[in-house]
1. Kindly indicate whether residue 314 is assigned to a loop (DSSP other than H, G, I, E, B), over 14 Å from the mean Cα position of the chain (by Cα) and not small (Gly, Ala, Ser).
2. Only one of (1) open to solvent by 60 Å² or more (accessible area, probe 1.4 Å); (2) under 29 Å from the mean Cα position of the chain (by Cα) is not met by residue 105, so which one is it?
3. Among the candidates 369, 332, single out the residue that is more than 13 Å from the ligand (Cβ to nearest atom) and either within 30 Å of residue 32 (Cβ to Cβ) or surrounded by fewer than 17 Cβ atoms within 10 Å (Cβ to Cβ) (or both).
4. Considering only residues of segment 259-268 that are within 7 Å of the ligand (Cβ to nearest atom) and in contact with a helix residue (DSSP H, G or I) (Cβ under 8 Å, 6 or more places away or on another chain), which is most open to solvent (accessible area, probe 1.4 Å)?
5. Considering only segment 345-363, how many residues are more than 37 Å from the chain's Cα centre (by Cα) and either β-branched (Val, Ile, Thr) or not in a loop (DSSP other than H, G, I, E, B) (or both)?
6. Scan 74, 84, 78 and give me the residue that is farther than 30 Å from residue 511 by Cα and crowded, with 17+ Cβ neighbours inside 10 Å.
7. Residue 357 fails exactly one of the following numbered conditions: (1) open to solvent by less than 50 Å² (accessible area, probe 1.4 Å); (2) touching a Ser or Thr at 6+ places or on another chain (Cβ under 6 Å). What is the number of that condition?
8. Got a number for residues in segment 111-169 being open to solvent by 60 Å² or more (accessible area, probe 1.4 Å) and over 30 Å from residue 191 (Cα atoms)?
Amino acid sequence: MSQQDMFKKLIAHAKEYGFIFPSSDIYDGMGAVYDYGPYGVELKNNIRTYWWHFMTRLHENIVGIDSAIFMHPAVWKASGHTDAFNDPLIDNKDSKKRYRADQLIEEYIEKQEGKIDKEVKKAAKRFGDSFDKDMFLKTNPRVLKIKEKVDEVHQRYLKALDENNLGELRQIILDCEIADPISGTRNWTDVRQFNLMFSTQLGSVSEEANTIYLRPETAQGIFVNFLNVQKTARMKIPFGIAQTGKAFRNEIVARQFIFRMREFEQMEMQYFVKPGEELKWFEYWKEKRMQWHLSLVADQDKLRYHDHDKLAHYANAATDIEFEFPMGFREVEGIHSRTDFDLLRHQEFSGKKMQYYDPETGESYVPYVIETSIGLDRMFLLILSYAYREEKVPNAEGKPEDRVVLKIPPALAPVQAAILPLVKKDGLPEIAREIFDLLNLDVYCQYDEKDSIGRRYRRQDAIGTPYCITTDQQTLEDRTVTLRDRDSMEQIRVKIEELPGILKEKVSMRKLLQSFI
Ligand code: ATP
């Protein structure tokens with residue numbers, strides 16, 4: 001199955017099983033806006049909680065806030081968003097579709113690099129054990145030609161971005177003969193800048209002065225509260241402020257399901273450090289955040305760093321953590337060393353000092369900032385796409401049967417245990433209910449007595465429930481139940497009284513967090 005087909009199936013599965021619905025579905029949906037269903041909201045809450053506990057409980061010097069979505073318009077002037085939070089857009093005159101010029105060029109470069117990989121694979125097959133990859137890359141004429149072209153385009157592209165040269169971006173698209181994937185033509189308009197912030201009016205009078213914005217990132221709510229938090233929580237540098245919440249961007253090309261949305265949620269942390277120490281902390285957070293991802297993704301090859309080619313004018317280091325989504329490696333989290341840019345700008349625009357007084361040295365300074373910024377929805381897509389499997393498994397009669405299973409890490413699963421009476425009579429539902437009451441306050445449970453046990457197992461597999469607990473005749477005799485493992489499908493018999501302990505060990509977030517201590 002191609003990755004594209006897999007992605008389509010995942011999207012259909014997410015809808016069918018109550019994870020994600022298109023927003024305003026009965027009106028045929030709305031571009032790049034989605035709603036989370038009953039299982040989606042549980043998974044999303046669990047991811048958020050895991051991030052929050054990792055950041056705040058495992059770091060005594062990180063505290064949280066929850067700032068408002070609306071902020072004073074001067075905030076966005078100071079941060080640079082009003083003037084420069086733009087994407088370069090280009091339209092194809094035939095398909096009337098709109099694209100991001102930078103993405104068209106980046107995709108072109110990616111495609112060319114893919115051609116090199118293909119050449120390598122072909123040669124490796126041809127030469128077998130004697131294949132020397134480094135030598136091949138250095139000497140093969142076809143590879144060298146592609147590389148030369150890619151390097152040239154790359155250099156031109158970086159320069160054009162640096163100089164904000166929109167004409168040159170268009171010229172690169174023309175020179176590389178990049179065609180619209182829909183119309184197949186190269187009939188492009190000029191490249192224009194497009195501001196991504198949504199605006200609205202405050203109060204009842206529509207005047208320019210009342211224009212406010214929906215925040216495009218949560219970070220600024222942290223910066224403007226820097227001193228409030230530092231003073232009230234008596235924080236000493238280095239310290240961090242964490243926040244999760246909605247952000248809004250009028251994305252030009254909002255495709256690929258919940259990967260790029262117009263309304264999404266971010267989980268951000270700003271870490272305030274002494275000037276000169278920022279690169280040490282940048283490395284620290286790069287490492288820490290990767291560890292967090294690896295605690296959820298066992299396959300290390302699916303994650304990688306991608307250092308930024310072009311640093312934003314305020315940053316002195318930046319990297320992305322990328323995950324191999326069905327559409328290829330893409331950013332899931334950014335780690336940025338933002339220098340003192342934001343605090344200095346707010347100091348300038350507000351006229352209020354944004355300095356930290358160091359009681360040990362007696363000096364005052366504007367701290368430098370390391371930021372970790374991850375999209376909650378993108379992390380949700382990561383978990384879902386990594387978890388989705390189609391398998392052939394034996395059914396109750398030992399015959400092969402298809403199952404779709406979500407192998408979600410147990411601590412994040414929307415439902416953590418399903419309680420299932422084998423049949424709906426003979427006292428089995430009653431004892432199953434008793435087990436439900438015993439467990440449900442610690443472990444999120446679902447009780448289900450409808451349909452055959454095989455169908456109920458399939459249903460729980462499809463929503464990623466890690467454990468099914470089944471009551472049967474023997475339960476009435478000796479108070480034992482079967483405990484079925486989602487991934488191995490093995491069943492063991494355990495005593496009802498042992499269930500709380502066993503499940504706590506298997507599904508609690510504590511276990512995940514403890515692995516970092
Ligand atoms: P991209 O290059 O994908 O547009 P970005 O570099 O603009 O992302 P940041 O501004 O660094 O993203 O935002 C931090 C994180 O917020 C990203 O790593 C991503 O996980 C998430 N994010 C950003 N834009 C969106 C969006 N439109 N939809 C969903 N998540 C998003």
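The values are calculated or read from the model by the stated rules, or taken from the named source; none is laboratory data. In this text, all values refer to a predicted model and were calculated from it rather than measured experimentally. Reconstructed Cβ throughout: ideal geometry from the backbone, glycine too, with neighbour counts over all protein chains shown. Only protein heavy atoms, including side chains, enter the accessible area calculation; ligands, DNA and RNA are left aside. Shrake-Rupley method; radii C 1.70, N 1.55, O 1.52, S 1.80 Å.
1. Values: assigned to a loop (DSSP other than H, G, I, E, B): yes; over 14 Å from the mean Cα position of the chain (by Cα): yes; not small (Gly, Ala, Ser): yes.
So residue 314 fits the description; yes.
2. Every condition holds for residue 105 apart from (1).
3. Details: 332 fails: more than 13 Å from the ligand (Cβ to nearest atom).
That would be 369, the only listed residue that is more than 13 Å from the ligand (Cβ to nearest atom) and either within 30 Å of residue 32 (Cβ to Cβ) or surrounded by fewer than 17 Cβ atoms within 10 Å (Cβ to Cβ) (or both).
4. Result: 264.
5. 1
6. Numbers: 74 fails: crowded, with 17+ Cβ neighbours inside 10 Å; 84 fails: crowded, with 17+ Cβ neighbours inside 10 Å.
Going through 74, 84, 78 in turn, the sole match is 78.
7. Only one criterion is unmet by residue 357, namely (1).
8. 18
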